[in-house]
There are 2 protein chains.
Amino acid sequence: MIIALAGGVGGAKLVHGLAAVLPPEALQVVVNTGDDFDHLGLRVCPDLDTVMYTLAGRANPETGWGLAGETWHFMEALQRLGGETWFRLGDQDLATHVRRTCRLAAGETLSQVTAQLCQSLGIAHPVAPMTNEPVRTMVHTADGELGFQDYFVRRQCAPEVLGLRYAGAAQARPSPALTQALRDPRLRAIVICPSNPYLSIAPLLALPGMRAQLRQAGVPVIAVSPIVGGAAIKGPAAKIMCELGLEVSALEVARHYSPLIDACVLDHADAALASAVNALGIAPLVTGTVMRSMPDRIQLAHEVLGFAEGMACP
Amino acid sequence: MIIALAGGVGGAKLVHGLAAVLPPEALQVVVNTGDDFDHLGLRVCPDLDTVMYTLAGRANPETGWGLAGETWHFMEALQRLGGETWFRLGDQDLATHVRRTCRLAAGETLSQVTAQLCQSLGIAHPVAPMTNEPVRTMVHTADGELGFQDYFVRRQCAPEVLGLRYAGAAQARPSPALTQALRDPRLRAIVICPSNPYLSIAPLLALPGMRAQLRQAGVPVIAVSPIVGGAAIKGPAAKIMCELGLEVSALEVARHYSPLIDACVLDHADAALASAVNALGIAPLVTGTVMRSMPDRIQLAHEVLGFAEGMACP
């Protein structure tokens with residue numbers, strides 16, 4: 001059994017590959033909720049939705065968020081009524097948020113609601129939020145502290161990032177599925193998907209005891225670098241690393257995750273960094289990590305799983 | 001200045017006619033909120049919406065509710081997610097409910113929110129809810145007490161009505177616009193539109209002191225019968241009157257409103273009832289009350305206003 005820790009687009013792609021090669025009982029997907037926010041009275045969980053829509057084969061490949069074939073009649077009407085339209089909610093996507101908000105209001109946990117949504121979307125593999133409690137990534141910028149979506153969507157990542165805070169993380173408990181998977185005797189590896197280390201994975205690692213629990217699981221922890229050839233495949237990872245005074249490289253990603261990880265997957269473009277990664281005490285795997293197609297996702301999933309297997313049984 | 005008390009479809013049509021012949025400062029529309037309910041976490045105000053959409057020229061003429069040219073992508077997606085779909089919310093209509101719910105949650109009154117929505121929809125005439133406080137029409141049926149929309153939409157008015165209750169009415173205050181209009185020295189008449197007397201107008205009349213205030217306004221109170229030729233133009237009025245053991249006739253409507261009203265507008269089909277209405281001490285006006293077109297709405301508005309003028313200055 002494998003635990004996959006994921007954020008949005010990049011993470012969702014590898015999760016999709018893992019789900020294609022593993023049966024449902026051999027994969028536990030755990031998703032960042034630091035990006036979640038309440039908007040227009042609705043609970044919006046962007047990373048969970050991206051992972052769910054991707055696994056359901058319904059993600060919009062052009063935007064990296066939302067549903068394929070989406071319509072925007074609600075948004076257009078809201079604009080005419082003078083409502084907030086900086087965060088785009090499609091007509092079909094809206095049903096997810098309305099449904100989630102109703103069920104949360106009725107007392108269900110985010111884990112329960114997510115399981116229900118996955119079932120309705122025909123997703124066989126278990127997907128859980130990292131926690132049922134609110135954790136909110138706050139971005140400390142030159143313009144003051146901003147909520148994540150305020151920074152990411154409304155301001156289009158323009159403000160310089162001075163620091164990050166994961167509000168609520170210290171009080172949040174890992175979700176039951178995550179806790180249970182970490183204790184599962186069948187656990188063979190923990191995969192940190194190629195999601196933004198600072199925005200998507202850090203909130204999860206900020207949960208109390210999480211780093212220790214990942215280590216104590218006694219299985220290889222393998223991170224796939226979202227930085228390839230000194231740039232982010234998608235999103236503001238490179239810009240943020242730069243603003244935080246960090247080197248924009250897969251080596252810096254490995255350094256960031258050290259000493260948590262046993263191995264790091266680098267793209268062919270970063271083959272020259274393998275020895276430096278190795279010098280950190282982290283086993284490097286160099287392969288193609290850019291997932292442009294479903295075969296790419298499956299190929300990378302196979303590579304990562306094979307690598308993990310080799311580490312677990314040397 | 002005229003006050004028009006209205007419920008849904010029939011009331012909205014006469015309000016539309018009145019708005020076509022009166023300048024904005026000469027009309028105050030006051031709408032039933034007994035049908036309002038919270039659904040999918042949203043505040044839905046069916047009668048306010050019908051009146052607003054009608055005045056904006058955007059009402060769906062086929063359904064009698066919702067917007068013309070509406071799409072249903074949200075509803076279809078919600079159905080796929082296992083959500084409640086018995087109350088149909090169109091993609092554009094949904095923006096009204098989301099906007100309203102957000103602003104109410106932010107502390108605005110229903111009157112303020114309604115005024116804002118009207119402005120966005122380009123409605124010049126003032127439209128106010130009967131009250132800012134919650135009043136909920138409850139239908140006592142053979143199957144137990146049902147919320148109004150549960151009775152009206154989910155059960156399609158099938159259960160036999162044994163009685164009605166306007167929960168919250170005794171604690172609710174008339175909206176500021178209604179109170180102010182009733183005290184306005186320019187007030188010339190109060191028109192009770194052809195809405196369901198038991199479902200749409202009764203909640204308004206159940207507000208504390210409302211009957212006395214209507215009388216004390218010192219102007220003619222004129223009801224337009226929604227019952228024509230012993231049947232309701234639309235909706236369950238006839239069925240309910242029957243179940244409550246009442247005669248289904250415009251005369252019964254006049255009797256129901258007596259002694260509140262000074263005059264009652266009957267359709268040509270009910271000309272024979274004019275003398276019986278007169279015997280109640282209520283002046284009858286017989287004219288065409290069935291509004292199939294915009295000219296019909298304007299014609300009836302002219303008739304009602306002329307009638308009121310004749311009564312005010314005998």
*Go through the stretch A:81-108 and count every residue that is within 9 Å of another protein chain (Cβ to nearest Cβ) and surrounded by fewer than 16 Cβ atoms within 10 Å (Cβ to Cβ).*
3
_The conditions are (1) part of a loop (DSSP other than H, G, I, E, B); (2) farther than 30 Å from A:Gly17 by Cα; (3) open to solvent by less than 10 Å² (accessible area, probe 1.4 Å), and A:Val139 fails exactly one of them. Which is it?_
(1)
*Within the stretch B:165-183, is even one residue among the β-branched types (Val, Ile, Thr), outside any loop (DSSP other than H, G, I, E, B) and either open to solvent by 70 Å² or more (accessible area, probe 1.4 Å) or modelled with pLDDT of 95 or more (or both)?*
yes
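Would you say A:Val51 is surrounded by 16 or more Cβ atoms within 10 Å (Cβ to Cβ), away from chain B (no Cβ under 13 Å) and in contact with a Cys (Cβ under 9 Å, 6 or more places away or on another chain)?
Spelling it out, it is not the case that A:Val51 is surrounded by 16 or more Cβ atoms within 10 Å (Cβ to Cβ), away from chain B (no Cβ under 13 Å) and in contact with a Cys (Cβ under 9 Å, 6 or more places away or on another chain).
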*For A:Thr63, all conditions in the list (1) more than 14 Å from every other protein chain (Cβ to nearest Cβ); (2) touching a residue at least 24 places away in the same chain (Cβ under 8 Å) hold save one; what is the number of the exception?*
(2)
*Return the residue satisfying two criteria in turn: it lies in the stretch B:53-72 and is under 16 Å from the mean Cα position of the chain (by Cα) and within 16 Å of B:Ala95 (Cβ to Cβ), and of such residues it is modelled with the highest pLDDT.*
B:Tyr53
*State yes or no: is A:Gly8 under 9 Å from the mean Cα position of the chain (by Cα), more than 17 Å from A:Arg186 (Cβ to Cβ) and among the small types (Gly, Ala, Ser)?*
yes
_the stretch B:112-130, residues that are among the hydrophobic types (A, V, I, L, M, F, W, C), more than 10 Å from chain A (Cβ to nearest Cβ) and buried (at least 20 other Cβ atoms within 10 Å of the Cβ)_ = B:Val113, B:Cys118, B:Ile123, B:Val127, B:Ala128, B:Met130
*Considering every residue within the stretch A:27-46, establish whether at least one is open to solvent by 10 Å² or more (accessible area, probe 1.4 Å), touching a Leu at 6+ places or on another chain (Cβ under 7 Å) and either at the interface with another protein chain (Cβ under 9 Å from one of its Cβ atoms) or not acidic (Asp, Glu) (or both).*
yes
*asked:* Checking the condition under 20 Å from B:Arg100 (Cβ atoms), of a type in the set (Gly, Ala, Ser) and more than 12 Å from the chain's Cα centre (by Cα), which residue from B:Gly34, B:Gly41 passes?
replied: B:Gly41
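Condition check: surrounded by 17 or more Cβ atoms within 10 Å (Cβ to Cβ) and at negative phi. Does B:Ala202 satisfy that?
Yes; evaluated as a whole, the condition is true for this residue.
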*asked:* Could you tell me how many of the residues in the stretch A:13-25 are in contact (Cβ under 8 Å) with a residue 60 or more places away in the chain and either within 13 Å of the chain's Cα centre (by Cα) or surrounded by fewer than 24 Cβ atoms within 10 Å (Cβ to Cβ) (or both)?
replied: 8
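The values are calculated or read from the model by the stated rules, or taken from the named source; none is laboratory data. Remember, predicted model here, so these are calculated numbers, not experimental data. As a convention, Cβ positions derive from the backbone with ideal geometry for all residues, glycine included, and neighbour counts pool all protein chains shown. Keep in mind that these areas ignore ligands, DNA and RNA; they rest on the heavy atoms of the full protein, side chains included. Shrake-Rupley method; radii C 1.70, N 1.55, O 1.52, S 1.80 Å.
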